[in-house]
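This report refers to the structure that appears directly beneath it.
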Amino acid sequence: MRYHCAKSFSEAAEIAAGAPGITRFLAGGTDVLVQLRSGLVTPDDLIDLKQIPGVHDISRTPEGGWRIGVAVSGAELGEHAGVKADWPGVVEGMGLVGSTQVQGRATLAGNLCNGSPAADSVPGLVAAEARVTVIGPNGAREVPVEEIPTGPGKTSLGPGELIAAITLPARGAAGGDAYQRFIPRTEMDIAVVGCAVNLTLTGETIAAARVALGAVAPTVILVPEAAAAIVGTALDDAALEALAAAARAAASPISDKRGTAEFRTHVAGVLARRVAQAAYARAKGDTK
Amino acid sequence: MSKIHVSATVNGDPVEFLADPRETLLDCLRDHLDLTGSKEGCGTGDCGACSVLLDGRLVCSCLVLGVEAEGKRVETIEGMAEPGGELHPLQRKFIEHAALQCGFCTPGILVASKALLARNPDPTEEEVRYWLAGNLCRCTGYDKIVRAVMDAAADLRGAA
Ligand SMILES: Cc1cc2nc3c(=O)[nH]c(=O)nc-3n(C[C@H](O)[C@H](O)[C@H](O)COP(=O)(O)OP(=O)(O)OC[C@H]3O[C@@H](n4cnc5c(N)ncnc54)[C@H](O)[C@@H]3O)c2cc1C
Ligand code: FES
Ligand code: FES
């Protein structure tokens with residue numbers, strides 16, 4: 001294994017594009033090292049991104065959103081009052097990843113690019129309409145986060161391509177987001193189902209919404225039908241039931257040791273309700 | 001496999017070692033620097049026995065490559081007691097409360113607990129339990145560990 005410490009994204013892209021064998025980028029390493037130690041994936045070239053200038057920064061975009069560097073850890077994100085105030089759902093999703101120790105290292109971009117359908121930060125990013133800057137041999141492009149994972153362990157990134165930053169849009173007035181997952185214990189487990197909801201209100205009425213589900217399909221999915229079920233409502237019982245039904249209908253999970261397909265489908269509906277209520281309360285100014 | 005020269009600071013002392021790029025920081029601490037206090041319980045980030053501080057941040061040293069320590073500050077269990085041998089209040093309270101049996105998890109739990117008390121001198125029991133959720137103990141059942149941490153916190157608050 002060759003270890004490279006890239007000094008710029010273009011250098012990282014160049015090394016990756018020219019590497020003949022298995023290549024991995026090293027952000028927090030909490031997936032890469034586990035795979036390396038277990039003998040699952042031994043990269044021929046490992047390209048560390050943490051020395052690239054700016055990768056540890058969180059900065060305001062001119063539009064009023066946030067640009068998050070690809071080496072920002074879960075712990076650093078959780079300590080950032082500004083992002084937490086605007087996008088508590090994104091922050092709480094990332095905050096569920098692993099233990100205190102894992103939080104000290106794990107990143108949003110690593111969680112996204114590892115390609116797990118159960119990745120805890122991804123539904124929140126998808127619901128928030130986050131975008132990533134992809135840099136590769138042919139220059140840079142902006143891509144919606146939901147287009148990055150294509151299946152378990154797979155992404156749409158081409159040879160030599162990597163993510164340079166994650167951008168959250170401006171929160172705007174009367175908006176709220178939330179993420180919750182179901183696990184059989186309280187900590188240190190992989191989501192059986194995860195759900196994120198992001199919405200904005202006009203008065204009491206939901207003006208716009210995005211609903212994303214994790215661990216019920218080969219990738220995290222955006223569920224427009226679930227959003228449509230609550231837009232134009234004040235999240236009354238009928239709207240909540242329509243939302244739950246749409247979430248269940250969108251779920252196409254597998255059965256495994258964590259839960260059967262039927263259980264996951266049911267929980268997708270339960271979580272969609274709860275998370276929509278949490279996001280709604282935040283949009284109305286509840287700061288929990 | 002060509003080795004990479006690494007310079008870092010461990011428990012305040014400058015150190016240098018040669019690391020194979022596949023070696024973890026835990027391997028380097030134990031095998032190149034003879035600091036065997038940090039333990040390998042799992043090697044996959046699940047048990048916390050390898051906990052150290054890296055530039056002040058609590059991490060699993062089994063999930064950090066040795067080469068990543070270049071230019072960084074590492075703090076391990078070996079730096080916890082006073083140089084003269086006087087134990088840290090957390091260490092004393094662990095003995096007092098019998099918060100260890102085989103002791104394999106203890107270095108990691110002490111390092112993690114010290115990091116908690118540095119940020120939060122007055123944690124609730126729930127906060128202690130969540131903070132230490134990534135530190136597994138097969139012997140004690142955790143209650144004595146949690147009590148020792150709460151008691152050490154009270155002690156440290158009193159001393160301040
Ligand atoms: C004990 C433990 C508990 C865990 N618990 C959870 C959990 O509860 N929920 C959860 O979702 N995950 C969990 N994980 C998995 C892991 O911590 C997360 O997926 C984490 O966010 C990965 O981020 P990283 O920075 O460590 O990624 P790395 O390991 O550095 O990289 C992961 C992958 O992403 C690629 N990559 C990294 N950065 C970039 C980039 N900028 N551009 C392109 N590709 C890139 C790498 O090539 C690699 O394939 C856990 C892991 C451990 C060890
Ligand atoms: S040995 Fe590092 S977490 Fe278990
Ligand atoms: S004392 Fe034996 S593992 Fe904790």
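Computed quantities for the displayed model
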{"item": "Set A:V102, A:V145, A:V91: member being in contact with a Cys (Cβ under 8 Å, 6 or more places away or on another chain), in the same structural domain as A:R67 (by TED's automatic domain parsing) and among the aliphatic types (A, V, I, L, M)", "result": "A:V102"}
{"item": "Candidate set from the range A:148-171 (those that are assigned to a loop (DSSP other than H, G, I, E, B) and free of Cβ contacts under 8 Å to residues at least 40 places away in the same chain); member that is farthest from A:W87 (Cα to Cα)", "result": "A:G158"}
{"item": "Residue list for the range B:62-86, filter: open to solvent by less than 10 Å² (accessible area, probe 1.4 Å) and under 16 Å from A:T100 (Cβ atoms)", "result": "B:C62, B:L63, B:V64"}
{"item": "Residues (open to solvent by 40 Å² or more (accessible area, probe 1.4 Å) and more than 13 Å from every other protein chain (Cβ to nearest Cβ)) located in the range B:109-125", "result": "B:P121, B:D122, B:T124, B:E125"}
{"item": "Boolean, B:P89 is away from ligand 3 (no atom under 16 Å from the Cβ), surrounded by fewer than 17 Cβ atoms within 10 Å (Cβ to Cβ) and more than 14 Å from chain A (Cβ to nearest Cβ)", "result": "no"}
{"item": "Some residue of the range B:99-110 being touching a strand residue (DSSP E or B) at 6+ places or on another chain (Cβ under 7 Å) and within 16 Å of ligand 3 (Cβ to nearest atom)", "result": "yes"}
{"item": "Cross-chain or 6+ apart pairs with Cβ under 8 Å, the range B:138-160 first and in contact (Cβ under 8 Å) with a residue 60 or more places away in the chain, then surrounded by fewer than 18 Cβ atoms within 10 Å (Cβ to Cβ) and in a loop (DSSP other than H, G, I, E, B)", "result": "B:L156/B:P121"}
{"item": "Condition check for B:E23: open to solvent by 60 Å² or more (accessible area, probe 1.4 Å), away from ligand 3 (no atom under 16 Å from the Cβ) and either modelled with pLDDT of 95 or more or at the interface with chain A (Cβ under 9 Å from one of its Cβ atoms) (or both)", "result": "no"}
{"item": "Selection from the range A:242-283 of residues that are in contact with a Leu (Cβ under 7 Å, 6 or more places away or on another chain) and under 9 Å from A:V216 (Cβ atoms)", "result": "A:A247, A:A250, A:A251, A:A268"}
{"item": "Set A:V145, A:V97, A:V132, A:V91: member being within 16 Å of ligand 2 (Cβ to nearest atom), under 14 Å from the mean Cα position of the chain (by Cα) and touching a residue at least 12 places away in the same chain (Cβ under 8 Å)", "result": "A:V97"}
{"item": "Residue check, B:V52 away from ligand 2 (no atom under 13 Å from the Cβ) and at pLDDT 95 or above", "result": "no"}
{"item": "Single match in A:I47, A:I58 (criterion: free of Cβ contacts under 8 Å to residues at least 40 places away in the same chain, within 25 Å of A:A130 (Cβ to Cβ) and surrounded by 14 or more Cβ atoms within 10 Å (Cβ to Cβ))", "result": "A:I58"}
{"item": "Residue among A:L125, A:L157, A:L108 that is on the phi < 0 side of the Ramachandran plot, outside the structural domain of A:S59 (by TED's automatic domain parsing) and either open to solvent by less than 20 Å² (accessible area, probe 1.4 Å) or not small (G, A, S) (or both)", "result": "A:L125"}
{"item": "Given (1) open to solvent by less than 10 Å² (accessible area, probe 1.4 Å); (2) more than 16 Å from ligand 3 (Cβ to nearest atom); (3) in a loop (DSSP other than H, G, I, E, B); (4) of a type in the set (A, V, I, L, M), number of the condition B:V59 does not satisfy", "result": "(3)"}
{"item": "Filtered residue count, the range B:92-108, keeping only those that are within 14 Å of another protein chain (Cβ to nearest Cβ) and either open to solvent by 40 Å² or more (accessible area, probe 1.4 Å) or not in a helix (DSSP H, G or I) (or both)", "result": "1"}
{"item": "Filter result for the condition that a residue is assigned by TED's automatic domain parsing to the domain that holds A:I163 and assigned to a helix (DSSP H, G or I), over A:A71, A:A75", "result": "A:A75"}
{"item": "Test: residue in the range A:237-248 that is in contact (Cβ under 8 Å) with a residue 24 or more places away in the chain and within 23 Å of A:L112 (Cα to Cα)", "result": "yes"}
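The values are calculated or read from the model by the stated rules, or taken from the named source; none is laboratory data. Everything numeric in this text was worked out from a predicted model, so none of it was measured. Backbone-built Cβ (ideal geometry, glycine too); neighbour counts: all protein chains shown. When the accessible area is computed, the model is the full protein with side chains, heavy atoms only, and any ligands, DNA or RNA have been set aside. Shrake-Rupley method; radii C 1.70, N 1.55, O 1.52, S 1.80 Å.
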